[in-house]
Structure formats: C-alpha cells, structure tokens
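First the structure, in the form of structure tokens, and then the observations on it.
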Amino acid sequence: MHNHNITMTKNMLYSIIDFSGKAKTLEYLIFFIIDIASTLLFLKLFYEIDLDNQVTLKNVFYCCLIEVFTFVPIQAALTRRLRNLGFPTWLIIINYIPILKYLFKLSLIFNYKKSCAQ
C-alpha cells in the first residue's frame, strides 16, 4: 500500500501540467482540494486589498501568483478526469461558470466509470 501511494504521488507530480491521459478519483480529489484552498486564499487576499495602502497593495501580486501557479495544473487534472469518466473534454467550459464550477467538480469526484462499477 505504501509503494502504491508513492507511485501515485510521483505520477501526479510528473503529470501536473499534462493534459493527456486519465486521472483517477484520488488524484483529482487532491487537485480539487488544492483548488478550494487556493480560491479561499485568493479571496482572503483580494478582500484585504486597499488601493490607498501600499502594504496591502502587494496582495494584488500574490493573487496573480496564485492564479498563475494553479490555473494550468487544475485545468489539466480536470481534463484528465473528464477523459477518465468518458465525458467529452469540452465540458471543461462549465469550469468557468462561477456557481456551477464547484458543483460540477464535486460531481466528478463522486462519479465512476460504468465499467468500474460493474
């Protein structure tokens, strides 16, 4: 079991920006948790921005860094998960609709391929 976790972690790190292949539930769940955490951090920093205060103005820079470093890996994991479930990858468009974004991502966590369920 321990070797399986190490192998999965290595595969996840190597495929962090790979849009090809498939993502299992646990791999996608990890990226989903990272997405939630980065969004919460982004919102916290964003609401502390005060344009009159130069100290909090650096939060604009931090918000941009969060988006730059998390956008592509999360999109790649979403694309691989859609492919794993047999859904068309154009459904990634739903990821850009604010409220539906997290409902859609949650449904991908609890959705299983029909061939796996039989």
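What follows draws every value from the coordinates through simple rules; no lab data is involved. Keep in mind that this is a model prediction, so the values were computed, not measured.
Using θ = phi - 60° and the Karplus relation 6.51 cos²θ - 1.76 cosθ + 1.60, list the HN-Hα couplings for the stretch 55-72 in order, rounded to whole Hz, with x at every Gly or Pro.
My calculation for the stretch 55-72 gives 5, 7, 5, 5, 4, 4, 4, 5, 4, 5, 4, 4, 5, 5, 7, 10, 4, 5 Hz in order.
Give the distance, in whole Å, between the Cα centre of the stretch 21-52 and the Cα centre of the stretch 56-82.
So the two Cα centres are separated by 7 Å.
Taking a ≥ b ≥ c as the square roots of the eigenvalues of the Cα gyration tensor of the stretch 53-107, is the shape rounded (a/c under 1.5), prolate (a/b larger than b/c) or oblate?
In terms of gyration-tensor shape, prolate.
For Cα extents along the principal axes in Å, which listed value, (1) 52, 49, 24; (2) 44, 31, 27; (3) 60, 33, 21, comes from the coordinates shown?
Matching the structure shown: (3).
Pairs LYS44/LYS101; LYS44/LYS105; LYS24/LYS101; LYS24/LYS44: which are spaced more than 28 Å apart, C-alpha to C-alpha?
Check vs 28 Å cut-off fails for LYS24/LYS44.
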